[in-house]
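Some notes on the structure that comes next.
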Amino acid sequence: MYKNIYDNPNCDTLKKARTWLAANGHEVAFHDFKKQGLDQATVAGWLKELDWEVLVNRQGTTWRQLDEATKAGVIDGASAKALMLKQASVIKRPVIEH
């Protein structure tokens, strides 16, 4: 059972995911993390389930726009968590909790 979906509402992948979930009878709550933010407990929960390298989108525009020192500082779950809380758009998305 799916619980929450986290993303930016303008994301094409989110739209496809929401369409698939609805077509398959899954009701999920949408969380716009750009407007609503993220809390430490949510990100910590994700990191218990997934490796930080899965969650951090190193191919995206946000990552590419970071300075080299910030990029080099992301070396483990704690540093990735700090970055994700500061710059939520660096997260690969959508993130679907179930």
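The values are calculated or read from the model by the stated rules, or taken from the named source; none is laboratory data. Nothing here was measured: the structure is a model prediction, and the numbers come from that model. Using ideal geometry, Cβ is built from the backbone for each residue, glycine included, and neighbour counts are taken over all protein chains shown. Side chains are part of the model used for accessible areas, which takes the heavy atoms of the whole protein and leaves out ligands, DNA and RNA. Shrake-Rupley method; radii C 1.70, N 1.55, O 1.52, S 1.80 Å.
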Carbon-plus-sulfur fraction of the accessible area of the range 1-81, 1.4 Å probe, in percent?
-> 48
Quick one: of the DSSP bridges fully inside the chain, what percent are antiparallel, nearest 5?
-> 50
How much net charge surrounds CYS11 when only other residues with a Cβ under 14 Å from its Cβ are counted (Lys, Arg +1; Asp, Glu -1)?
-> +4
How many Å² of accessible area per residue for the chain, probe 1.4 Å?
-> 64
Please compute the net charge surrounding LYS81, taking Lys and Arg as +1 and Asp and Glu as -1 over other residues with Cβ under 15 Å from its Cβ.
-> -2
Provide the per-residue ³J(HN,Hα) series for the range 54-67, in order, calculated from phi with Karplus coefficients 6.51, -1.76, 1.60 and θ = phi - 60°, each as a whole number of Hz, with x at glycine and proline positions.
-> 6, 7, 8, 8, 7, 9, x, 4, 4, 4, 5, 7, 6, 6
Dipole check, the chain, charges on Cβ (K,R +1; D,E -1), about Cα centroid: among ALA44, ALA80, PRO9 the Cα furthest to the positive pole belongs to PRO9
Treating cross-link reach as a plain straight distance, find the aspartates and glutamates whose alpha-carbon is under 18 Å from the alpha-carbon of LYS71, omitting any fewer than eight places away in the same chain.
-> ASP51, GLU53
What nm distance separates the two modelled labels at ASN4 and SER79, each placed 7 Å from Cα along Cα→Cβ?
-> 2.7
Please state the relative contact order of the chain as a whole percent: Cα pairs under 8 Å, 6+ residues apart?
-> 44
222 nm [θ] for the chain, helices only, -39500 (n - 2.57) per DSSP H run of 4+, per residue, to 500?
-> -13500 deg cm²/dmol
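Which trypsin sites (Lys or Arg not before Pro) from the range 9-68 combine a DSSP loop assignment with at most 14 other Cβ atoms within 10 Å? Write out the running numbers ahead of the final one.
On the way: sites: LYS15, LYS16, ARG18, LYS34, LYS35, LYS48, ARG58, ARG64; in loops: ARG58.
Hits after loop and neighbour filter: ARG58.
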